[in-house]
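Have a look at the structure below, then the notes.
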Amino acid sequence: MTPNILLIYTGGTIGMVKDYDTGALRSFNFDNLLLKIPELRHLDCEISAVSFETPLDSSNMNPEFWTQICEFIQEGYDRYDGFVVLHGSDTMSYTASGLSFMLENLAKPVIFTGSQLPIGDLRTDAKENLITAIQLAGLRKRNRPMIQEVALYFEYKLYRANRTTKISAEQFEAFDSPNYLPLLTSGVHLQINEEALLRPAKRVFKVHTNLVKDIMLIKLFPGMCQNVFEHMLSLDGLKGVVLETYGSGNATTAPWFISALKDAIKRGISIVNITQCNTGSVKMGNYETSVELKKIGIINGGNMTPEAAVAKMMYLLGQQLGPKAFKTVYETSLRGELS
Ligand code: ASP
């Protein structure tokens with residue numbers, strides 16, 4: 001059976017071609033994809049493409065656009081065997097993390113990719129990223145898709161999407177998954193790390209689009225002042241905060257800091273602790289500087305990336321859980337986003 005793959009073009013550098021007369025970059029017409037990239041004919045897949053009406057630089061992405069991508073997937077879920085989402089690399093990890101939570105019981109591959117250079121550039125990384133992403137979306141084993149999760153393919157590696165973060169604005173190797181092994185490495189052969197793959201519960205596929213955006217991501221720094229911090233936490237309508245703390249989840253023990261947090265929790269604001277470090281995990285209670293955080297009910301974000309922590313916060317706030325359930329569910333791995 002030839003796999004049917006749906007390509008969803010949202011924008012970003014990957015979909016640009018250089019007009020060699022003017023030197024300007026313009027959007028590529030994905031309707032004529034096979035004419036422009038004849039190599040795609042050699043893939044053993046049927047490829048269809050849909051595109052955002054106006055392709056976006058990913059700095060303009062937001063949860064409403066995440067929902068549009070989900071709608072393409074939901075509409076085509078029975079018809080297609082896999083989905084490849086072409087997206088600007090700048091906020092790709094946020095969108096891909098968002099989709100990992102929005103698509104519950106996903107049993108088909110949703111593979112995000114993009115590129116550092118436009119598809120029409122002579123030295124482009126777009127072709128390899130696109131061709132291999134499509135190939136991976138079509139991979140099957142025992143009549144089932146090999147990948148059954150939201151993943152991100154970039155520069156010879158496939159990662160679990162909600163473990164990734166953009167690490168370079170210069171190198172072709174633009175992404176990393178600091179706390180989880182790549183799912184696959186593409187060399188002469190495709191080396192799949194089967195044990196690392198997520199296997200969904202055999203339940204009905206569900207799409208969640210009710211995301212709550214009234215949240216903040218606050219990175220602590222030595223010298224952050226009381227006035228500013230208290231103002232941020234007392235903003236009208238604030239529902240959740242992801243706090244990037246030091247090391248294994250540590251923060252100042254200054255009484256004003258702890259009482260601002262305590263007060264916010266009392267007002268029903270969910271506060272999650274993640275670390276500013278690239279690798280390693282929050283372990284509240286390890287040092288004196290995190291004992292109080294644990295006591296007052298700060299949620300442990302473990303080794304989640306900021307992108308995954310923000311997306312999970314938006315998703316879970318939309319699930320209308322009570323504070324206790326919210327903490328328990330947040331601290332549980334829902335889509336392999338924490339360990
Ligand atoms: N600024 C672009 C974007 O994120 C960069 C890229 O596509 O890689 O849309």
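Listed values, structure above:
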| read-out | value |
| --- | --- |
| Per-residue ³J(HN,Hα) for region 190-204, Karplus 6.51 cos²θ - 1.76 cosθ + 1.60, θ = phi - 60°, Hz, x for Gly and Pro | 8, 9, 8, 9, 4, 5, 7, 6, 7, 10, x, 5, 7, 10, 5 |
| For the chain: accessible area per residue (Å², 1.4 Å) | 47 Å² |
| Pairwise label distance in nanometres, residue 252 with residue 201, each label 7 Å out on the Cα-Cβ vector | 4.3 nm |
| Proximal lysines relative to residue 206, as straight alpha-carbon distance under 26 Å, when same-chain residues fewer than 8 apart are discounted | 108, 141, 239, 312, 324, 327 |
| At R0 = 22 Å, FRET efficiency that the Cβ-Cβ distance of residue 62 and residue 26 yields, to 0.05 | 0.40 |
| Gyration tensor (Cα) of region 139-284, equivalent ellipsoid semi-axes in angstrom | 38, 20, 13 |
| Calculated FRET value between residue 144 and residue 71, using beta carbons and R₀ = 22 Å, to 0.05 | 0.35 |
| Over 18 Å [Cα-Cα, region 266-321], rounded percent | 37 percent |
| Accessible surface of the chain [probe 1.4 Å, protein heavy atoms]: carbon and sulfur percent | 50 percent |
| At most 14 other Cβ within 10 Å, DSSP loop - chymotrypsin sites (Phe, Trp or Tyr not before Pro), region 138-199 | none |
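The values are calculated or read from the model by the stated rules, or taken from the named source; none is laboratory data. Remember, it's a predicted structure, so these values are computed and weren't measured experimentally. With ideal geometry, Cβ positions are generated from the backbone for all residues, glycine too; neighbour counts draw on all protein chains shown. The protein model used for the area step is the full one, side chains on, heavy atoms only, and it has no ligands, DNA or RNA in it. Shrake-Rupley method; radii C 1.70, N 1.55, O 1.52, S 1.80 Å.
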